[in-house]
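Trainee: The structure's right below; bear with me while I get my questions together.
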Amino acid sequence: MIDIKNITKSFGSLQVLKGIDLHINKGEVVSIVGPSGAGKTTLLQIMGTLDKADSGSIMVDGVYVGKLSSSELSKFRNGHIGFVFQFHQLLPEFTALENITIPAYIGGKNPKEAKERAMELLEFMGLADRASHKPAELSGGEKQRVAVARALVNNPAVVFADEPSGSLDSKNKAELHQLFFDLRDKFGQTFVIVTHDEHLASITDRTIHIVDGRIVEPEKEQSDSSEISELYKNHPNIYYMIKLGDYNKMTVVKEVDFGIYLDGGDEGEILMPSRYVPEGLKPGDELEVFVYLDQDERPVATTEHPLCKVGDFAYLEVAWVNEYGAFLNWGLMKDLFCPFREQKMRMQKGEKYIVHVHIDEDSYRIVASAKVERYFSERHPYYKNGQEVDLLVWQKTEMGFKVIIDNCYPGLVYEDQVFRYLHTGDRVKGYISTVRPDGKIDVTLQPTGRQQTLDFSETLL
């Protein structure tokens, strides 16, 4: 079915694949596992004809794909190969049925036949009643099943999947995993799946282990653990996972006309559009970038600095509102979504609100919540009296001002301790006055006691 020999691949001075030999039989469900940076996604893209190897041969479904012209390769890919990625990549303006039929139309299939095939797949996946729904109206699990149906609409010989369940909760993840085997049994496709999910790897017909660009046999992995440990030691980048909605130090993998791709560890390769790429950057270079999700919910990198990151409390302005919620300006091309259920009162365009930024467990989106009380640390605070802290002014009360201390705890500055104008959203220095037995914290805006005396002495001197 798939036969590859001596595949190598480098990006600049970085050699990612170092002589891969692999045979996959028709009808197999095969998982490819290994640490981040080992070359799993690169191998998958080469087998799927999305990228070219530097050397070696690749046969897919009886065809040496390296000998095909660009137009022949596109036709072969559309008719023989299906793809499923971690993020569904459905087109938001089209329904589930329309998204599925697009590859069939590209392949020149009759519209009636394409729709019949798409409906057959939707029915098999229990989504017939969702055919007319657009992606925004589907759950994460439903969107991923639609993406699988799209991959199968042309009856491909093989389906390549890159972390297909990485963005799903445990229930949807289990259902998707079972779906691969059900589809293999019904339609006879071969599945090759890159995954970090240990359960999925354990139930596939065969597991391919890749470490540092080489296939490692399980027996060798067990008998020669010192060698593998050394590989991990010499390549520390394989440990990392992308911090979504935060700053990450990443390595440039390759350059393309529209930007660069960065090594995203568990997330695969992540695009940074050209407008954000510093001049002179080349494959192998490292840089610090901020990673978030673009309009299609795919990870994207930027050198811009947003107003806040995941885990922060922040004071943000509403850019626009629709029937689903409010969208807050946080300094990036894509606004930050705050659904109605996470608002204390309906947010208004042009107004600013204190929110907490986090990743929604159900949708894997970066979102905001105005119900900030939910996100304070539950650990008992251990501050010393007089200790300097960072404050975010939260809201005015009859007793004074509620504040957020060190992006972690709620606190209160009493009215009689306020000797200057304060406004919601102000970031100021404060000092711990009292930590009560129940964990409540009183804060002042100026040092007290001995600390105040010391500060005054330093000023005089």
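Computed from the coordinates by the stated procedures, all read-outs in this text should not be read as laboratory data. Predicted model, so just to flag it, every value in this text is computed and none were measured. All Cβ positions, glycine included, derive from the backbone under ideal geometry; neighbour counts span all protein chains shown.
Trainee: So, with +1 on the Cβ of K and R and -1 on the Cβ of D and E, and no other charges, what is the size of the charge dipole of the range 313-375 about its Cα centre, to the nearest 20 debye? Provide the component values of the computation, followed by the final result.
Mentor: Numbers: 9 positive and 9 negative charges, 32 e Å.
For the range 313-375, the charge dipole is close to 160 debye.
Trainee: Write down the Å³ per residue value for the convex hull defined by the alpha carbon atoms of the range 388-455. Working shown, then result.
Mentor: Details: hull volume 6.1 nm³, N = 68.
Normalising the Cα hull of the range 388-455 by residue number yields 90 Å³.
Trainee: How far is helix 96-106 tilted off the main Cα axis of the chain, in degrees rounded to 10, range 0 to 90?
Mentor: So the helix axis and the longest Cα principal axis differ by about 40 degrees.
Trainee: Moving on. If you restrict to DSSP beta bridges whose two residues both lie in the range 2-219, what percentage is antiparallel, to the nearest 5?
Mentor: Numbers: 17 of 35 bridges.
For the range 2-219, the DSSP antiparallel bridge percentage is about 50.
Trainee: Next up: For the chain, what does the relative contact order come out to in percent, with C-alpha contacts under 8 Å and a separation of six or more?
Mentor: Numbers: 920 pairs, mean separation 55.2, N = 461.
Computed value for the chain: 12 percent relative contact order.
Trainee: Relative to the compact globular guide of 2.2 N^0.38 Å, what is the alpha carbon radius of gyration of the range 325-389, as a ratio? Mind showing how you got there, number by number?
Mentor: Working: Rg = 14.8 Å, N = 65, 2.2 N^0.38 = 10.7 Å.
The reported ratio for this selection is 1.37.
Trainee: Could you please tell me the mean projected area of the C-alpha convex hull for the range 240-302, averaged over all directions and given in square nanometres to one decimal? Kindly include the intermediate steps, with their values, before the conclusion.
Mentor: Details: hull surface 15.6 nm².
Spelled out: convex hull of the Cα atoms, projected over all directions, averaged, 3.9 nm².
Trainee: On a 0 to 90 degree scale, rounded to 10, what angle separates helix 111-124 from the longest Cα axis of the chain?
Mentor: 60
Trainee: Right, another one. Place the peptides 44-51, 254-261 in order of packing, highest mean first, counting for every residue the other Cβ atoms within 10 Å and averaging per peptide. Each step should come with its number before you reach the end.
Mentor: On the way: 44-51: 20.0, 254-261: 15.0.
In descending order of packing, they fall as 44-51, 254-261.
Trainee: Report, by chain and number, residues whose modeled amide H sits under 5 Å from the one on T190, excluding near sequence neighbours (fewer than 5 apart, same chain).
Mentor: Amide H to amide H, under 5 Å and 5 or more residues apart or across chains, T190 pairs with G27, V158, V159.
Trainee: Just how large is the dipole of the range 71-137 about the Cα centre, in debye to the nearest 20, putting +1 at every Lys and Arg Cβ and -1 at every Asp and Glu Cβ?
Mentor: 200
Trainee: Positive end of the dipole of the chain, charges at C-beta (+1 Lys, Arg; -1 Asp, Glu), about the Cα centre: which of G265, W330, T204 has its Cα farthest in that direction?
Mentor: W330
Trainee: In the structure displayed, which of K143/K282; K18/K282; K52/K75; K352/K402 lie more than 27 Å apart, Cα to Cα? Can you show the working numbers first?
Mentor: Working: K143/K282 36 Å; K18/K282 21 Å; K52/K75 16 Å; K352/K402 17 Å.
Listed pairs above 27 Å: K143/K282.
Trainee: So, one more: Which ordering of S165, S433 is given by a fewest-first count of other beta-carbon atoms within 10 Å? Write down the numbers at each step before the final one.
Mentor: On the way: S165 26, S433 20.
The fewest-first ordering by Cβ neighbours comes to S433, S165.
Trainee: If you don't mind, another one. For the residues C408, C308, what sequence is obtained by ranking on other C-beta atoms within 10 Å, fewest first? Walk me through the numbers before you get to the answer.
Mentor: Details: C408 16, C308 20.
Fewest-to-most ranking of C408, C308: C408, C308.
Trainee: Let me check against my output: what whole-number percent is the relative contact order of the range 240-302, with C-alpha pairs under 8 Å and at least 6 apart? Please list the in-between numbers first.
Mentor: Numbers: 125 pairs, mean separation 23.3, N = 63.
The value is 37 percent.
Trainee: Let me ask something else about it. For a quick protection proxy, order the peptides 385-392, 96-103 by their average other-Cβ count within 10 Å, most packed first. Let's see the in-between values first.
Mentor: Details: 385-392: 16.5, 96-103: 22.4.
My ranking of the peptides, most packed first, is 96-103, 385-392.
Trainee: Can you sort E269, E373 so the residue with the fewest Cβ neighbours within 10 Å comes first?
Mentor: Details: E269 19, E373 10.
Going from least to most buried by this count: E373, E269.
Trainee: Can you grab the distance from the C-alpha centre of the range 83-139 to the C-alpha centre of the range 1-78, Å, no decimals?
Mentor: If we compute the Cα centre of each part, the gap is 27 Å.
Trainee: Could you give me the ³J(HN,Hα) list for the range 397-414, computed from phi with Karplus coefficients 6.51, -1.76, 1.60 and θ = phi - 60°, whole Hz, x at Gly and Pro?
Mentor: Karplus-based 3J(HN,Hα) across the range 397-414 equals 10, 5, 8, x, 10, 6, 9, 10, 9, 6, 6, 8, 10, x, x, 9, 9, 5 Hz.
Trainee: Assign unit charges at the C-beta atoms only (+1 for Lys and Arg, -1 for Asp and Glu), then state the dipole size of the chain relative to its Cα centre in Debye, rounded to the nearest 20. Don't skip to the answer; put the middle values down first.
Mentor: Values: 52 positive and 69 negative charges, 130 e Å.
Here the chain has a charge dipole of around 620 debye.
Trainee: Something else: If you consider only alpha-carbon coordinates, what radius of gyration and Dmax does the range 302-461 have, in Å?
Mentor: Answer for the range 302-461, Rg first and Dmax second: 17.7, 61 Å.
Trainee: Please report, to one decimal in angstroms, the Kirkwood hydrodynamic radius of the range 269-318 built from all distinct Cα-Cα pairs.
Mentor: Roughly 12.7 Å, rounded to one decimal.
Trainee: Continuing with the same structure: Work out the FRET efficiency for E373 and Y421 from their Cβ-Cβ distance, taking R0 = 22 Å, and round it to the nearest 0.05.
Mentor: Working: r = 26 Å, r/R0 = 1.16.
Approximately 0.30, to the nearest 0.05.
Trainee: Over the range 2-219, what per residue volume does the convex hull of the Cα atoms give, in whole Å³?
Mentor: Values: hull volume 27.4 nm³, N = 218.
Normalising the Cα hull of the range 2-219 by residue number yields 126 Å³.
Trainee: Next up: Just to confirm the filter: which trypsin sites (Lys or Arg not before Pro) across the range 1-96 are DSSP coil and have at most 16 other Cβ within 10 angstrom of their Cβ? Please report the intermediate quantities before stating the final value.
Mentor: On the way: sites: K5, K9, K18, K26, K40, K52, K67, K75, R77; in loops: K26, K52.
Sparse-neighbourhood loop trypsin sites (Lys or Arg not before Pro): K26, K52.
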